[in-house]
Structures are given as C-alpha cells and as structure tokens.
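Trainee: My questions will all concern the structure given below.
The values are calculated or read from the model by the stated rules, or taken from the named source; none is laboratory data. What you are looking at is a predicted structure, and each value in this text was computed from that prediction instead of being measured. As a convention, Cβ positions derive from the backbone with ideal geometry for all residues, glycine included, and neighbour counts pool all protein chains shown.
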Amino acid sequence: MLAVSLDGRLAPAAGGAAQLGGQGDRRVLEEALAWADGCLIGAETLRRHGSTCLIHGDDLLAHRRRAGREPQPVAIAVSRSGLLPEVLPFFHQPVRRWLLQPSTELLPAPGSRAAAGGFERQIPLSTWSAALALLAAAGLERLAVLGGAMLAADLLAQGLVDELQLTFCPQLLGGAHTWLPVTAAGGCGLPGDWQLLEHRALEGEELLVRYGRRRR
C-alpha cells in the first residue's frame, strides 16, 4: 500500500518525506489496515516518519470489534539491526509491536531501543518464506506492507506479494526515489501476471488502483 506521485515517486528528488496522500488515500489505507492481522514497516521508514499508521474510522474500528479482533493490526518492524531511536512516537502508539530481524545479535547504539525495550515479540528473519510461515502460525496471516520501497522490492522480487494497492497523487516529483527500485526487477512477474481488481476516484483528485497477482 503506497501513495505515489504521477511519475511513480515516493519522495522528492532531494529526498525526505513527500507528504503524499490526502483524505482519500487515508481512508483506503485504513480500509486495508482494517482487513489486516499485521502490517510490515521497514526500519528506515519508521525512522523517517516516526510512527506507523493507525485505524481511526469509527465504522472500521466497530467492524473489527464485532469480529472479535483487536482495534489495530500488529505493527511489525523489519530491521536488520533491531535498533530504533527510542524517542520515536512509534513506541507510544496504541499498537502491539513485534520485531522481524535476522538472528544476529547487535549491541544497542546510544539513543536506540533494542527488542527487549520496545517489542513484545521477536521473529527471526532467515528467509522471507520462513518468517511469513512463523507469522502465520502466530495468527498473522493477512499482512499489509506499509513500506518502504526496499521492503516492497524484496517481497516482490521473491514473488510474495499477492496484491498491489497504489494511490496516485496529483504531483510530479522527478528524481530517483521510485516506489519500485531496480533490485525488484527480477521477480516482478511476466506480462499478464497482474490483473486489475479495482480503480476508484478518491477525494483530492487522487486515484486508487488495485491489482492482484495471477499465480501460474
């Protein structure tokens, strides 16, 4: 689930946050979160934005409550080091926080928070297939990917993404910060692998596009 510019960028040419996505994008993002058991978010994205996305819509929260689910999906930080600045608002949000990382033990850097200090559970990341199986066994079968680009590229390259949800926003940014880095090119599928599931005009001249992956 990504909000991108009309030329497929996530950030301005100089880098930093582009602040893409308005109220329309926010609503479809919350709809996807309401569907999910957990959401994957890369450590660099957390460092840049400081927090994960939350469901605020009363109807979506009520739907999860009627289904016997927690108000928010589990927030799963994906980090090689397992260390994140302890001042991040993420650590004060009303979510369950899990950590997905390789099993290598690293010493905390000053001002960083290790797994024991801010995460309820740590899942080893040896391979993505193994990690996803462990998450499913723990009850997190439906996962949403919140970014960033390298995380999305890694999952796409291994053929592990079933659906793409993109919100195109009426901006042109230019530069190299595309939503799909070149590292993902090897596993993105053949022509005809992706089929259109939905397209919807959103508030603020934004456009939602959803594609599902055909499994051969």
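Trainee: Exactly one condition in (1) at pLDDT below 90; (2) closer than 20 Å to Arg215 by Cα; (3) part of a loop (DSSP other than H, G, I, E, B) is false for Leu160; which is it?
Mentor: For Leu160, the failing item is (1).
Trainee: With the structure loaded, tell me whether Pro73 is in contact (Cβ under 8 Å) with a residue 24 or more places away in the chain and closer than 20 Å to Glu141 by Cβ or whether it fails that test.
Mentor: yes
Trainee: Would it be correct to say that Ala75 is farther than 24 Å from His199 by Cα and outside any loop (DSSP other than H, G, I, E, B)?
Mentor: Yes.
Trainee: Right, something else. Give the number of residues within the range 129-152 that are in a helix (DSSP H, G or I) and farther than 16 Å from Ala43 by Cα.
Mentor: Residues that pass the stated criteria total 9.
Trainee: Could you tell me how many of the residues in the range 1-20 are in a loop (DSSP other than H, G, I, E, B), surrounded by 20 or more Cβ atoms within 10 Å (Cβ to Cβ) and of a type in the set (Gly, Ala, Ser)?
Mentor: 1
Trainee: Then there is this: Of the numbered conditions (1) touching a Lys or Arg at 6+ places or on another chain (Cβ under 8 Å); (2) assigned to a loop (DSSP other than H, G, I, E, B); (3) at pLDDT 90 or above, Gly175 fails exactly one; give the number of that condition.
Mentor: The single condition Gly175 does not satisfy is (3).
Trainee: Next up: Could you list, ordered by first residue, the pairs with Cβ atoms under 6 Å in which the first is in the range 139-164 and in the same structural domain as Arg213 (by TED's automatic domain parsing) and the second is modelled with pLDDT under 90 and among the aromatic types (Phe, Trp, Tyr), at least 6 apart or interchain?
Mentor: Ala149/Trp179
Trainee: Considering the range 123-154 alone, what residues qualify as being closer than 23 Å to Glu30 by Cβ and crowded, with 18+ Cβ neighbours inside 10 Å?
Mentor: Once the filter is applied, which keeps residues that are closer than 23 Å to Glu30 by Cβ and crowded, with 18+ Cβ neighbours inside 10 Å, the range 123-154 yields Leu135, Leu140, Leu143, Ala144, Val145, Leu146, Gly147, Gly148, Ala149, Leu151, Ala152.
Trainee: What number goes with the only condition from (1) modelled with pLDDT of 95 or more; (2) closer than 26 Å to Pro12 by Cα; (3) touching a Ser or Thr at 6+ places or on another chain (Cβ under 6 Å) that Leu54 does not pass?
Mentor: Here Leu54 meets the rest and fails (3).
Trainee: Right, something else. Residue by residue through the range 69-105, note down the ones that are farther than 15 Å from Thr45 by Cβ and charged (D, E, K, R).
Mentor: Arg69, Glu70, Glu86, Arg96, Glu105
Trainee: Before we move on, is Leu61 closer than 24 Å to Gln101 by Cβ, at pLDDT 90 or above, among the hydrophobic types (A, V, I, L, M, F, W, C) and not assigned by TED's automatic domain parsing to the domain that holds Pro170?
Mentor: No, not satisfied.
Trainee: Still on this model: Given the options Arg27, Arg48, Arg65, name the one that is part of a helix (DSSP H, G or I) and under 21 Å from Leu208 (Cβ atoms).
Mentor: When all the criteria are applied, what remains is Arg27.
Trainee: Also, I was wondering about something else. If you go through the range 116-132 one residue at a time, do you hit one that is β-branched (Val, Ile, Thr) and modelled with pLDDT of 95 or more?
Mentor: Among the residues of the range 116-132, not one is β-branched (Val, Ile, Thr) and modelled with pLDDT of 95 or more, which makes the answer no.
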